[in-house]
Amino acid sequence: MNSFSIEKPVRYYDQVYNSIKEKIVKGVLKPGDSIFESRIARELNISRSPVREAVRALEKEGLLVIDEKSRITVYKPTLKDIVDIYECRIALESLATRLTTRYATNQEIKDIENTVLNVKQNLNAEGERNRDVLIEENGRFHDLITKYSQNRRLQKQLRDLKSLSQYYRVLNFQGENREWIVFNEHQEILDQIKQRNEENASIKMKKHLETDLQHLKEIFDSQLKPGKTE
């Protein structure tokens with residue numbers, strides 16, 4: 001007998017959370033833009049409770065800021081924030097890469113390789129590249145390396161940085177040939193993981209994130225630095 005199944009409806013909180021987060025990460029909502037819970041609730045025809053819950057979650061993740069007068073605005077990046085987050089990522093992800101090289105099964109390494117292959121296929125496809133796919137697969141590459149490290153405390157620390165890492169990841173893809181630069185660096189990391197060379201894999205990840213940090217510093221100076229105008 002065939003079993004019955006239904007799809008559970010998506011909670012209002014999840015819909016609001018995902019919608020606001022996507023708009024921030026993709027730059028639809030700009031740094032410093034105001035967010036009004038009542039307006040969102042009215043536009044979605046829902047109560048303010050799930051909106052308030054989503055806003056508090058995004059504040060905790062660093063994407064929204066609530067001031068002493070309860071005004072809600074989109075997070076404004078600072079150079080110090082960028083450096084702080086990437087210093088943490090460099091330390092944590094270089095270790096995660098070392099551990100994944102040591103512990104990952106062949107199938108798990110294949111999972112990591114598939115993200116690189118998906119990016120390569122997208123880059124070589126005729127017509128316009130799907131930037132969303134490139135960014136998503138970029139994130140999966142890093143997430144899988146963290147996941148397969150088998151270190152739960154390390155994973156937790158990187159989860160705490162995930163939302164802002166996603167935010168900066170979108171910015172990081174700005175610039176000429178950035179997609180190919182990131183792809184080639186991921187390929188180099190993957191090659192060392194496949195060879196089970198812990199030291200070189202860790203070094204390649206460290207250099208990759210240092211390159212990202214330098215690129216983001218340049219973007220900050222040209223686009224995000226206070227006083228800059230479009």
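The values are calculated or read from the model by the stated rules, or taken from the named source; none is laboratory data. Every value quoted in this text rests on a predicted model; they were computed, and no experiment measured them. Counting neighbours? That spans all protein chains shown, and the Cβs are built from the backbone with ideal geometry, glycine included.
Assigned by TED's automatic domain parsing to the domain that holds LEU161, free of Cβ contacts under 8 Å to residues at least 40 places away in the same chain and of a type outside the set (Phe, Trp, Tyr): which single residue out of ASP84, ASP67 fits that description? Quick ask: steps written out before the conclusion?
On the way: ASP67 fails: assigned by TED's automatic domain parsing to the domain that holds LEU161.
ASP84 is the lone residue from the list that is assigned by TED's automatic domain parsing to the domain that holds LEU161, free of Cβ contacts under 8 Å to residues at least 40 places away in the same chain and of a type outside the set (Phe, Trp, Tyr).
Restricting attention to segment 177-218, which residues are among the basic types (Lys, Arg) and either surrounded by 15 or more Cβ atoms within 10 Å (Cβ to Cβ) or within 19 Å of the chain's Cα centre (by Cα) (or both)?
The initial filter retains those residues of segment 177-218 that are among the basic types (Lys, Arg), namely 178, 194, 196, 204, 206-207, 217.
The answer is ARG178, LYS194, LYS204, LYS206, LYS207, LYS217.
Residues that are farther than 30 Å from GLY32 by Cα, touching a Phe, Trp or Tyr at 6+ places or on another chain (Cβ under 7 Å), of a type outside the set (Lys, Arg) and part of a helix (DSSP H, G or I): does segment 121-132 have at least one?
Looking for residues that are farther than 30 Å from GLY32 by Cα, touching a Phe, Trp or Tyr at 6+ places or on another chain (Cβ under 7 Å), of a type outside the set (Lys, Arg) and part of a helix (DSSP H, G or I), one finds at least one in segment 121-132, hence yes.
Can you pull out the residues in segment 17-55 that are more than 19 Å from the chain's Cα centre (by Cα), charged (D, E, K, R) and either assigned to a loop (DSSP other than H, G, I, E, B) or assigned by TED's automatic domain parsing to the domain that holds TYR168 (or both)?
First, pick out the residues of segment 17-55 that are more than 19 Å from the chain's Cα centre (by Cα): 32-53.
Next cut, charged (D, E, K, R) only: 33, 37, 39, 42-43, 48, 52-53.
Answer for segment 17-55, where residues must be more than 19 Å from the chain's Cα centre (by Cα), charged (D, E, K, R) and either assigned to a loop (DSSP other than H, G, I, E, B) or assigned by TED's automatic domain parsing to the domain that holds TYR168 (or both): just ASP33.
Given the condition under 14 Å from the mean Cα position of the chain (by Cα), outside the structural domain of GLY62 (by TED's automatic domain parsing) and under 23 Å from LYS26 (Cα atoms), answer yes or no: does some residue in segment 116-129 qualify?
Filtering segment 116-129 down to residues under 14 Å from the mean Cα position of the chain (by Cα) leaves none.
The answer is no; no qualifying residue exists.
For segment 66-84: of the residues being in a strand (DSSP E or B) and in contact with a helix residue (DSSP H, G or I) (Cβ under 7 Å, 6 or more places away or on another chain), which is surrounded by the fewest Cβ atoms within 10 Å (Cβ to Cβ)?
So in segment 66-84, the residues in a strand (DSSP E or B) come out as 66, 72-74.
In the following step, the residues that additionally are in contact with a helix residue (DSSP H, G or I) (Cβ under 7 Å, 6 or more places away or on another chain) were identified as 66, 72, 74.
Working: ILE66: 14, ILE72: 19, VAL74: 21.
Across segment 66-84, the extreme among qualifying residues is ILE66.
Can you tell me which condition SER149 does not meet? The list is (1) without any contact (Cβ under 8 Å) to a residue 40 or more places away in the chain; (2) not in a helix (DSSP H, G or I), and all the others hold.
Every condition holds for SER149 apart from (1).
Would you mind telling me which numbered condition in (1) within 17 Å of GLN192 (Cα to Cα); (2) buried (at least 20 other Cβ atoms within 10 Å of the Cβ) ARG89 fails?
The failed condition is (1).
Does LEU58 satisfy the criteria of being touching a strand residue (DSSP E or B) at 6+ places or on another chain (Cβ under 6 Å) and in a helix (DSSP H, G or I)?
Values: touching a strand residue (DSSP E or B) at 6+ places or on another chain (Cβ under 6 Å): yes; in a helix (DSSP H, G or I): yes.
Judged against the criteria, LEU58 is a match.
Would you please name the residue that is modelled with the lowest pLDDT, looking only at residues in segment 45-65 that are over 20 Å from TYR167 (Cβ atoms) and out of contact with any helix residue (DSSP H, G or I) (no Cβ under 7 Å at 6 or more places or on another chain)? Steps first, answer last, please.
From segment 45-65, those over 20 Å from TYR167 (Cβ atoms) are 45-53; that's our starting set.
Filter once more, so that each one left must be out of contact with any helix residue (DSSP H, G or I) (no Cβ under 7 Å at 6 or more places or on another chain): 45, 49.
Working: ASN45: 90, SER49: 94.
Ranking the candidates gives ASN45 first.
Any residue in segment 94-105 that is out of contact with any strand residue (DSSP E or B) (no Cβ under 8 Å at 6 or more places or on another chain), under 27 Å from SER34 (Cβ atoms) and surrounded by 13 or more Cβ atoms within 10 Å (Cβ to Cβ)?
Start the filter on segment 94-105 by keeping residues that are out of contact with any strand residue (DSSP E or B) (no Cβ under 8 Å at 6 or more places or on another chain), which leaves 94-105.
From what's left, under 27 Å from SER34 (Cβ atoms): none.
Checked segment 94-105: no residue is out of contact with any strand residue (DSSP E or B) (no Cβ under 8 Å at 6 or more places or on another chain), under 27 Å from SER34 (Cβ atoms) and surrounded by 13 or more Cβ atoms within 10 Å (Cβ to Cβ).
From the list ARG196, ARG159, which one is of a type in the set (Lys, Arg) and part of a helix (DSSP H, G or I)? Walk me through how you get there before you give the answer.
Working: ARG196 fails: part of a helix (DSSP H, G or I).
Criteria check complete, one pass: ARG159.
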